[in-house]
Amino acid sequence: MHKGLLEGIKRGETALEARGITKRFPEVVANDHIDFEIKAGEIHAILGENGAGKTTLMNILFGLSQPDEGEIYIAGQRVKFRSPLDAIELGIGMVHQNRKLVSAHTVIENIILGHPRAGTILNLKRAGDEIEELCARYGFKIDLGAKVWQLSEGEKQVVEILKALYRGAKVLILDEPTSALAPPETEKFLASIEAMARDELAVIPFITHKLPIVLAKSDRVTVLRRGQVVACLETERATEKSLAKQMVGREVIFRIERTRVEKGKPILQVEDLSALSDKGFLALKGVSFSIREGEIFGIAGVSGNGQHELAEVLAGLRKAEGGKVSLDGKDITYSSSLERWRMGVGYIPAERIEMGSIADFSLVENVAMNFYFDDNFSQRGIVDYRKMRKFTQEIVAEYGVMAPGPDTKAKNLSGGNLQRLILARVLSRRPRLVIANLPTQGLDVGGMEFVRNKLMEAKKEKAGILLISEDLDEVLSLSDWVAPIYEGEFVGIIPGEETKRESVGAMMAGTSLKE
């Protein structure tokens, strides 16, 4: 390996280049002769729908996967990565969307774990001083002595970035870097990557959504579609609409107008509801609201303010510490999740991998999880597999789930296709109440449009919908009522047509704006 190739590289010089990268899997060509380059001091975004080939390309550039064809160059010299260790030695760092951290260890322990400089005898003071210097240079604030399990998603991402920088990364690959960040965390993060670019690092964020961030912060953008490069241009020449069209191959509607539906009778009534977090403190503090037929009740809030606990209590997955929940006039406060499903409650969880599916189950088996108790598909506890398989094929086609067949395992689906499967499983039962917790998080622009349209269809069919989202624009455009939540309490409940972005945003932070 050619160590030190990126040492002393100057702004504007090519740091990393890929030529003709091709990667084939049994059923798909994930990368089809892709050319890509990034220069020192540049933020070069890679855009594409879920399944466009972004992750495969980045895994190849980080040595996690080997290309079938193509070449990689570092500072003009051809290299071959046998593993991520080779990439790290040459100054390539990667921050994964799914964190690669040890929860029980401290921040500093995670950063130095496995680093050759740590040596056989740990010098935590020296390592701490070096990490603090990195924090000061790029504007990071983190408690090096905190355990990882105590950190927010934004803080965990900082740990991952520091881990890469501490190993000497000059090219930093970021997998969906803002997908799990709250608005304040996003602003701080973007300021930090701009500081890295000024320091002549090359930064590659690859993104499926949040196009305004790409337009505001990147120098160039490469768009992938179905494994091929369809555009590479300076960002100042692009628009949100043009990028979306290149990603999806058609015009994309960004803002779905709130549909007026005649409101029916009340479906859900919540009175003074409280719940504990996983850590044992009161996370939900006496919230009250109701949802009628054909109505979307949107909750706007920064992650960690009680909305997750609310969703789980309503779905029957978390115990209520106080208050009352009624569905169609019946008290279900202490009913099981199965009882609620039978009564017409549909739950779309935020964690589509951990909670929404079983990775090693087929699509048929994943769909059956919401139908095994349905007399149309099972008799005396035995599921009619042929009938369930046929039904799965029908809803997979209706919801546009891209998969080789119904026997495909869930773990082989992209995030967007997995979310479509979960949506199909839940909405095909025509639920009375839909609890949609972060239903578009991490999806590409086409996927977001699809999910929002499906929620509007459910609304037209007189379902009541609880929409929990950290995308303020999404909440404002879809909701008939908007409830900003802060530290477990509603700051207000506002009619959708009267909401203002600035005032709702301030309420999410626990403050208010004078009109």
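Kindly indicate whether Gly298 is among the small types (Gly, Ala, Ser), within 24 Å of the chain's Cα centre (by Cα) and either assigned to a loop (DSSP other than H, G, I, E, B) or modelled with pLDDT under 95 (or both).
Numbers: among the small types (Gly, Ala, Ser): yes; within 24 Å of the chain's Cα centre (by Cα): yes; either assigned to a loop (DSSP other than H, G, I, E, B) or modelled with pLDDT under 95 (or both): no.
So Gly298 fails the test.
Report yes if Asp407 is over 20 Å from Gly442 (Cβ atoms), exposed (fewer than 14 other Cβ atoms within 10 Å of the Cβ), modelled with pLDDT of 85 or more and not assigned by TED's automatic domain parsing to the domain that holds Leu314, otherwise no. It is true that Asp407 is over 20 Å from Gly442 (Cβ atoms), exposed (fewer than 14 other Cβ atoms within 10 Å of the Cβ), modelled with pLDDT of 85 or more and not assigned by TED's automatic domain parsing to the domain that holds Leu314.
Can you tell me which residue in the stretch 413-428 is nearest to Ser362 (Cα to Cα), limited to those that are touching a helix residue (DSSP H, G or I) at 6+ places or on another chain (Cβ under 8 Å) and modelled with pLDDT under 90? Ranking the qualifying residues of the stretch 413-428, first place goes to Leu413.
Between Glu42, Glu37, the distinction of being within 25 Å of Ala195 (Cα to Cα), under 27 Å from the mean Cα position of the chain (by Cα) and touching a residue at least 24 places away in the same chain (Cβ under 8 Å) belongs to Glu42 only. Of all residues being over 21 Å from Trp341 (Cα atoms) and touching a Phe, Trp or Tyr at 6+ places or on another chain (Cβ under 9 Å) in the stretch 441-464, which is surrounded by the most Cβ atoms within 10 Å (Cβ to Cβ)? Just the residue, please. Taking the candidates together, the pick is Leu443. Can you name the residue in the stretch 301-337 that is of a type in the set (A, V, I, L, M) and in a loop (DSSP other than H, G, I, E, B) and, of all such residues, is nearest to Met355 (Cα to Cα)? Residue satisfying both the conditions and the ranking: Leu317. Applying the set (1) of a type in the set (S, T, N, Q); (2) over 19 Å from the mean Cα position of the chain (by Cα); (3) buried (at least 16 other Cβ atoms within 10 Å of the Cβ) to Ser414 leaves exactly one unmet item: (2).
Pairing residues of the stretch 365-378 that are in contact (Cβ under 8 Å) with a residue 40 or more places away in the chain with residues that are aromatic (Phe, Trp, Tyr) and part of a loop (DSSP other than H, G, I, E, B), at Cβ distances under 6 Å and at least 6 apart in sequence or on separate chains, gives Phe371/Phe377.
Which residues, counting only those in the stretch 25-78, are hydrophobic (A, V, I, L, M, F, W, C), surrounded by 17 or more Cβ atoms within 10 Å (Cβ to Cβ) and assigned to a loop (DSSP other than H, G, I, E, B)? Residues satisfying the conditions are Ala40, Ala52, Phe62, Ala75.
Conditions tested, residue by residue: (1) within 30 Å of Glu271 (Cβ to Cβ); (2) modelled with pLDDT of 95 or more; (3) surrounded by 17 or more Cβ atoms within 10 Å (Cβ to Cβ).
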site	(1), (2), (3)
Trp341	yes, no, yes
Asp375	no, no, no
Ala397	no, no, no
Gly400	no, no, no
Ala403	no, no, yes
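Of the set (1) surrounded by fewer than 16 Cβ atoms within 10 Å (Cβ to Cβ); (2) at pLDDT below 90, all apply to Ala127 but (1). Please tell me if Gly316 is modelled with pLDDT under 95 and crowded, with 21+ Cβ neighbours inside 10 Å. Spelling it out, it is not the case that Gly316 is modelled with pLDDT under 95 and crowded, with 21+ Cβ neighbours inside 10 Å.
For the stretch 369-425, a residue qualifies if it is in a strand (DSSP E or B) and under 29 Å from Glu176 (Cα atoms), and exactly one does: Lys409. Mind listing whichever residues of the stretch 122-150 are among the aliphatic types (A, V, I, L, M) and either over 25 Å from the mean Cα position of the chain (by Cα) or within 24 Å of Val203 (Cα to Cα) (or both)? Leu122, Leu124, Ala127, Ile131, Leu134, Ala136, Ile142, Leu144, listed by residue number. Checking the structure you have, find out if any residue of the stretch 108-121 is out of contact with any helix residue (DSSP H, G or I) (no Cβ under 6 Å at 6 or more places or on another chain), closer than 23 Å to Asp219 by Cα and assigned to a loop (DSSP other than H, G, I, E, B). The answer is no, given that none of the residues of the stretch 108-121 is out of contact with any helix residue (DSSP H, G or I) (no Cβ under 6 Å at 6 or more places or on another chain), closer than 23 Å to Asp219 by Cα and assigned to a loop (DSSP other than H, G, I, E, B). Can you tell me which residue within the stretch 82-111, out of those that are at pLDDT 90 or above and of a type in the set (Val, Ile, Thr), is nearest to Thr56 (Cα to Cα)? Of everything passing the filter in the stretch 82-111, Ile92 is nearest to Thr56 (Cα to Cα). Is it the case that some residue within the stretch 274-291 is under 20 Å from Pro439 (Cα atoms) and modelled with pLDDT of 95 or more? Within the stretch 274-291 (the criterion being under 20 Å from Pro439 (Cα atoms) and modelled with pLDDT of 95 or more), the answer is yes, since at least one residue qualifies. Filtered by the rule that a residue be closer than 21 Å to Ala197 by Cα, at pLDDT 90 or above and not in a strand (DSSP E or B), the stretch 216-237 gives Ser218, Asp219, Thr235, Glu236, Arg237. Among the residues that make up the stretch 352-360, is at least one of them at pLDDT 95 or above, basic (Lys, Arg) and closer than 22 Å to Leu467 by Cα? Within the stretch 352-360, not a single residue is at pLDDT 95 or above, basic (Lys, Arg) and closer than 22 Å to Leu467 by Cα.
The set of residues in the stretch 80-116 that are among the hydrophobic types (A, V, I, L, M, F, W, C), touching a Phe, Trp or Tyr at 6+ places or on another chain (Cβ under 6 Å) and free of Cβ contacts under 8 Å to residues at least 60 places away in the same chain comprises Ala87, Ile111. If you go through the stretch 140-148 one residue at a time, do you hit one that is in contact with a Pro (Cβ under 9 Å, 6 or more places away or on another chain), modelled with pLDDT of 85 or more, within 25 Å of Gln441 (Cβ to Cβ) and part of a helix (DSSP H, G or I)? No: the stretch 140-148 contains no residue that is in contact with a Pro (Cβ under 9 Å, 6 or more places away or on another chain), modelled with pLDDT of 85 or more, within 25 Å of Gln441 (Cβ to Cβ) and part of a helix (DSSP H, G or I).
The values are calculated or read from the model by the stated rules, or taken from the named source; none is laboratory data. Just so we're clear, the structure is a prediction, and the values are computed from it rather than from any experiment. As a convention, Cβ positions derive from the backbone with ideal geometry for all residues, glycine included, and neighbour counts pool all protein chains shown.
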